[in-house]
Amino acid sequence: MILRSLTVAAGLTGAAGLSQFPEFSQQYLQRLGGAVDELTVVVTAFDADARAAGLTRQEALADLNSGGTFAQSRSASMQATFDRHARLTADLAALQGAGPFTRLKLLGHLDDSDIARRAWGAYKPALPITFEGVSFAIAGFAVGALLLWAMIRTVKALFRPFARRKVVAHS
């Protein structure tokens, strides 16, 4: 009876957690799009300034790098901005148009910790009544119950050698 109750509790915990993925990943995607838009503004402005000076992006970065401490620091931060812009743009391209099941498959593109932290900070869990939410809830229930089952089996296997052995009386 206790084991059954624990299994149901573990399953419900998994269902409640995994059922939130479709909406959280949608909010992450929205924030990702906003981040790419803002980085595009910065990158475009830098490239325009470089062109106005008759330089390519790499030449402008090299020019900044040859300056003082501030210029060198600015060059490094712009390179980091270019790199992040490229990475987030690739993530956005991979995720755009993807439904929740595909976003789960593309989980590696939901890995920007800054965006995830801000999405999580604004996220409000809700009861998912969409097909996707219910599907993820069912999968979460199964995962939660299976994890508990695996943990119990592991604990039993660890303590099996210490179990009392029946003493057979010889008559």
(request) Take residue 100 and decide whether it is out of contact with any Asp or Glu (no Cβ under 6 Å at 6 or more places or on another chain) and buried (at least 17 other Cβ atoms within 10 Å of the Cβ). (result) no
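Given the criteria in contact (Cβ under 8 Å) with a residue 24 or more places away in the chain and within 21 Å of the chain's Cα centre (by Cα), does residue 144 qualify?
It is true that residue 144 is in contact (Cβ under 8 Å) with a residue 24 or more places away in the chain and within 21 Å of the chain's Cα centre (by Cα).
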(request) Quick one: which residue in 92, 32 is aliphatic (A, V, I, L, M), in contact (Cβ under 8 Å) with a residue 60 or more places away in the chain, in contact with a Leu (Cβ under 6 Å, 6 or more places away or on another chain) and surrounded by fewer than 18 Cβ atoms within 10 Å (Cβ to Cβ)? (result) 92
(message) Can you find, within the stretch 83-117, the residue that is nearest to residue 19 (Cα to Cα) among those that are within 12 Å of the chain's Cα centre (by Cα), part of a helix (DSSP H, G or I) and not hydrophobic (A, V, I, L, M, F, W, C)?
(response) 103
(message) Looking at 17, 33, can you tell me which residue is at pLDDT below 90 and either in the same structural domain as residue 132 (by TED's automatic domain parsing) or assigned to a helix (DSSP H, G or I) (or both)?
(response) 17
(message) Which count do you get for residues in the stretch 50-75 that are surrounded by 12 or more Cβ atoms within 10 Å (Cβ to Cβ) and assigned to a helix (DSSP H, G or I)?
(response) 15
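The values are calculated or read from the model by the stated rules, or taken from the named source; none is laboratory data. All of these numbers come straight from a predicted model, not from anything done at the bench. Ideal geometry is used to build each Cβ from the backbone, glycine not excepted, and the neighbour counts take in all protein chains shown.
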